[in-house]
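Please treat every number below as a calculation from the coordinates, not as lab data. Keep in mind that what you see is a predicted model, and the values were worked out from it rather than measured. Please note: Cβ atoms are built from the backbone with ideal geometry, for glycine as well, and neighbour counts cover all protein chains shown.
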Amino acid sequence: MVISGGRTSISFAAVISCLLVAQASGLYVGFYAASCPNAESIILETLKPFLASDPTLGGPLLRISYHDCFVRGCDASLLLDSVNGNVAEKDAPGPNLNSVRGYEVYDGIKAALESSCPGVVSCADIVQIVSRDVTVLDGGPYWDVQTGRRDGLISIAAEAQANLVGPDSDYDTQKNAFANKGLSEKDLVVLTGAHTIGRSRCVSIEQRLYNFSGVQGQTDPSLDVSFARELKATCPSGSSNSLEMDGTQFKFDTRYFKRLQVHKGLFGSDASLITQPFPASVVEEETHKDSFYADFPESMLRLAALDVLTGSDGEIRKNCAFVNS
Ligand code: HEM
Ligand SMILES: *[C@@H]1O[C@H](CO)[C@@H](O)[C@H](O)[C@H]1NC(C)=O
């Protein structure tokens, strides 16, 4: 390459900055530009009919980024089925079993990709592109997803239970879980802003409503009193109902943060974000749409780069639910 003239030096600078980004995680925007140029449009067009027939899939499909990346990194280990007596992450009681869903969407997308570009696009990258797409389809911000992840070979339920903290967790428990992954307190607050979309099962607030701090019959006193009454009406003790996370389940917006400030956060973990000055200040900042829409993509990129497999590590699965034979 001959470097001469302003135009060429700009693209040279772009190449350098691209290499610098690649150095940090091994990922970069446009990994499939030559090997599967339509990968992202195939993913989006395959995703859309799933969401059209069940719009509530948006919540779980965004959440899966977090549940995948916090356990062995963003390697699609969450998508693997249990086999031969090994209980996989997706069957972990607590964080995943009977809670996370939408796996059929990745199977559909993978099948479409395999027919256009066999053996090229990883399930781990599909997970991250789908999360971005559901965010955008629900009215949230767009970001360029870095790609080049490869798929892991191992999935262990106990690791999901060890890395994903529960809805009754206090602030320090969540802060430490994120710090263990190299994510900041700001990342924690911003990323839990994902609770702006989706639904929860009543079982996730059972303790908070009826057995707070292990005291039978006690309700979390930090809950707004009339909101607690509403929640109990929707979720009688032992109920198998579900409810919207922030009251507008299909709308990615700042409502989640505004509700935290008036003690209408759904989980104890949500409510804990206003119990210390620093996270409370981030909550305040994120009630502004321009902040949240700028910060959420940045934190998602950090989440999506956790402990990734690249180069010749792992494999490109043919079917997202199984390692290649
Ligand atoms: C320490 C932090 C977090 C805790 C304790 C937590 C906990 C929970 C719980 C208990 C549910 C309801 C599950 C159910 O009842 O089936 C839920 C749902 C959800 N979470 Fe989180 N979460 C956390 C962080 C995150 C992050 C980082 C994201 C994404 C970036 C996320 C995205 C979601 C979404 C979108 C839903 C709705 C799922 C649906 O519609 O099925 N959460 N979370
Ligand atoms: C209430 O909480 C305590 C402590 O976490 C637990 O041992 C007990 O089983 C709970 N009771 C019910 C009915 O969930």
| remark: Counting only residues 5 or more apart in sequence or on a different chain, those whose built amide H sits under 5 Å from that of SER242 are CYS202
| message | Explain nothing, just the number: relative contact order of region 2-165, from Cα pairs under 8 Å at least 6 residues apart, as a whole percent. | response | 33
| field | Size of charge dipole - the chain - debye, nearest 20, with Cβ of Lys, Arg +1 and Asp, Glu -1, no other charges | value | 220
| field | Angle in degrees between helix 289-303 and the longest Cα principal axis of the chain, rounded to the nearest 10 | value | 70
| Ordered by residue, what ³J(HN,Hα) values in Hz, to whole numbers, does region 271-280 give under the Karplus form 6.51 cos²θ - 1.76 cosθ + 1.60, where θ = phi - 60° and Gly and Pro are x? | 4, 5, 5, 10, 8, 9, x, 5, x, 4
| said: I'd like to know which of VAL165, VAL145, ALA52 lies farthest towards the positive end of the charge dipole of the chain, counting +1 on Cβ of Lys and Arg and -1 on Cβ of Asp and Glu. | reply: ALA52
| task | Work out, step by step, the length gained on full extension between ALA33 and VAL203: first 0.36 nm times the residue separation, then minus their alpha carbon distance; give nm to one decimal. | result | 56.8 nm
| Debye sum, Cα scatterers, region 58-175, no solvent: what log₁₀ I/I(0) at q = 0.10, 0.22 1/Å? | -0.31, -1.34
| query | Given the Cα-Cα distance of VAL87 and GLU298 and 0.36 nm per residue of separation, how much length would full extension add, in nm? | reply | 72.6 nm
| said: Taking amide H atoms as placed 1.01 Å from N in the peptide plane, list the residues 5 or more away in sequence, or in a different chain, whose amide H sits under 5 Å from that of TYR28. | reply: THR147
| query | What is the distance in Å between the Cα centres of region 224-248 and region 137-205? | reply | 23
| note | Residue-ordered couplings for region 253-268, obtained by feeding phi - 60° into the Karplus form 6.51 cos²θ - 1.76 cosθ + 1.60 and rounding to whole Hz (Gly and Pro as x), are 7, 9, 4, 3, 5, 5, 6, 4, 5, 9, 6, 10, x, 6, 9, x
| request: Determine the relative contact order of the chain: mean sequence separation of Cα pairs under 8 Å and six or more apart, normalised by residue count, in whole percent. | output: 25
| Per 20 Å bin, what is the whole-percent P(r) computed from every C-alpha pair distance within the chain? | 31, 57, 12, 1
| field | Backbone HN-Hα couplings from phi across region 233-238 [Karplus 6.51/-1.76/1.60, Hz, Gly and Pro as x] | value | 5, 6, 10, x, 3, x
| Of all trypsin sites (Lys or Arg not before Pro) in region 215-267, which ones are in loop regions per DSSP and have a Cβ with at most 15 other Cβ atoms within 10 Å? | LYS251
| By what distance, in whole Å, do the Cα atoms of region 214-277 stretch along each of the three principal axes, largest value first? | 33, 30, 18
| Can you tell which of PHE278, MET245, LEU260 lies farthest toward the positive end of the dipole of region 223-325, using +1 and -1 charges on the Cβ of basic and acidic side chains (Lys, Arg; Asp, Glu)? | MET245
| task | Sticking with the crude label model, points 7 Å out along Cα→Cβ, report the distance from THR310 to LEU44 in nm, one decimal please. | result | 2.5
| query | For the chain, how many pairs of lysine residues have a Cα-Cα distance under 26 Å, where the two are 8 or more positions apart or belong to different chains? | reply | 25
